[in-house]
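So the structure is just underneath, and the comments pick up after that.
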Ligand SMILES: [Mg+2]
């Protein structure tokens, strides 16, 4: 079973938590009142038809007394760290989808911790107690259904979809709930008389393929049958953006190493920005002249795409752990590198808003990574297994 958990009105809820005078009031989180869009809004604001990603001017027209507060990313990053710490106690397989949204694989966990609904209630309770925030949880045999289930009873939702009820749960829902169905595809499906997921499930797959192409046709047919092969991709297998290079001659000078690291950090940061990502974790990689490779990592106070900060962090790691660098065999450096991992969308406030507004269509991390792969080739999206496997690695 897969558990999807999502914090309710995340940014607005953090603001209302931190500032009691905002509680019970329509709160809009965003930039200036005149320009920009609503990054997040409280449930009180939603009753006016306001939603995230709406132009701020339009939101204020609908509710002139709404209180506009600037977003404070560091506060949200703090809350997000606490959230992921809690989740880590419930499953070793936690996949972060954004700052306030994750999927957990409950396989194995369920035996230790109890029924899925018990786990869901425990997560909600800890989020409430430790973060003073509200989480909605959905549990289902597949990712698609778990995500829908967490959304369907918001706020403060809890919905469990047992395997035997999966199709009964999915089929009455509109096709736009299917992962990958945007306005264009919805329009095409509507002309074919297909409005609900059940309609798609009952339609001949060959005809779907003929109309929508092989990729989309087979994809939608499978989802409508309740088949979603996407696994929970846990942090232990993180996607990274990194840069490493082998020196022409082995290096035994920390200063020379530091200069190289700063340059590498800039390259990594540039690629983060090009991919509209920020990194939560900076990893320093060193390979000695006896081919021993070690890595050291640190979690940053807030996600960044700032090369100077990444460079400083890597150099701090070098000094903090007092890594042996000496002019003798086994202690000279032949390669150094920096990896950025724990990636989150760069414009997180806006993208989270978008995600809420357009649900599965939102610009989530996965899509950002797809873009990244398209831009730089799949080799740039490296699986950092070598880091996780390194016995010297610690956090
Ligand atoms: Mg949320």
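The table for this structure:
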{"item": "Set 268, 281: member being touching a strand residue (DSSP E or B) at 6+ places or on another chain (Cβ under 6 Å), more than 16 Å from residue 333 (Cα to Cα), surrounded by fewer than 22 Cβ atoms within 10 Å (Cβ to Cβ) and in contact (Cβ under 8 Å) with a residue 12 or more places away in the chain", "result": "281"}
{"item": "Listing of strands (runs of 3 or more DSSP E) fully contained in region 1-50 that carry 1 or more residues being under 30 Å from residue 229 (Cβ atoms), assigned by TED's automatic domain parsing to the domain that holds residue 119 and within 15 Å of the ligand (Cβ to nearest atom)", "result": "2-7"}
{"item": "Conditions (1) more than 16 Å from the ligand (Cβ to nearest atom); (2) not in a helix (DSSP H, G or I): number failed by residue 61", "result": "(2)"}
{"item": "Residue match in region 119-139 (condition: within 16 Å of the ligand (Cβ to nearest atom) and at pLDDT below 90)", "result": "no"}
{"item": "Conditions (1) surrounded by 15 or more Cβ atoms within 10 Å (Cβ to Cβ); (2) within 30 Å of residue 13 (Cα to Cα); (3) at pLDDT below 85: number failed by residue 301", "result": "(1)"}
{"item": "Residue 302, sole failed condition from (1) farther than 21 Å from residue 97 by Cα; (2) in contact with a strand residue (DSSP E or B) (Cβ under 9 Å, 6 or more places away or on another chain)", "result": "(1)"}
{"item": "Any hit, region 356-368, residues being modelled with pLDDT of 85 or more and in the same structural domain as residue 275 (by TED's automatic domain parsing)", "result": "no"}
{"item": "Failed criterion for residue 179 (all others in (1) touching a residue at least 40 places away in the same chain (Cβ under 8 Å); (2) surrounded by fewer than 16 Cβ atoms within 10 Å (Cβ to Cβ); (3) touching a helix residue (DSSP H, G or I) at 6+ places or on another chain (Cβ under 7 Å) hold)", "result": "(2)"}
{"item": "Criterion violated by residue 209 - all others in (1) within 14 Å of residue 311 (Cα to Cα); (2) part of a helix (DSSP H, G or I) satisfied", "result": "(1)"}
{"item": "Among (1) more than 29 Å from residue 176 (Cα to Cα); (2) within 16 Å of the ligand (Cβ to nearest atom); (3) at pLDDT 95 or above, the one test that residue 86 misses", "result": "(3)"}
{"item": "Test result for residue 103, at pLDDT below 95, within 16 Å of the ligand (Cβ to nearest atom) and closer than 26 Å to residue 174 by Cα", "result": "yes"}
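So that you can scan it fast, the table gives a plain yes or no per residue for (1) loosely packed, with under 15 Cβ neighbours inside 10 Å; (2) at pLDDT 90 or above; (3) more than 12 Å from the ligand (Cβ to nearest atom):
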position	(1), (2), (3)
77	no, no, yes
92	yes, no, yes
99	no, no, no
107	yes, no, yes
110	no, no, yes
113	no, no, yes
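Residue by residue, here is whether (1) closer than 19 Å to residue 7 by Cβ; (2) buried (at least 20 other Cβ atoms within 10 Å of the Cβ) holds:
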site	(1), (2)
127	yes, yes
135	yes, yes
158	yes, no
162	no, no
188	no, no
200	no, yes
214	no, no
220	no, yes
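The values are calculated or read from the model by the stated rules, or taken from the named source; none is laboratory data. In this text, all values refer to a predicted model and were calculated from it rather than measured experimentally. No Cβ is skipped: glycine too gets one built from the backbone with ideal geometry, and neighbour counts run over all protein chains shown.
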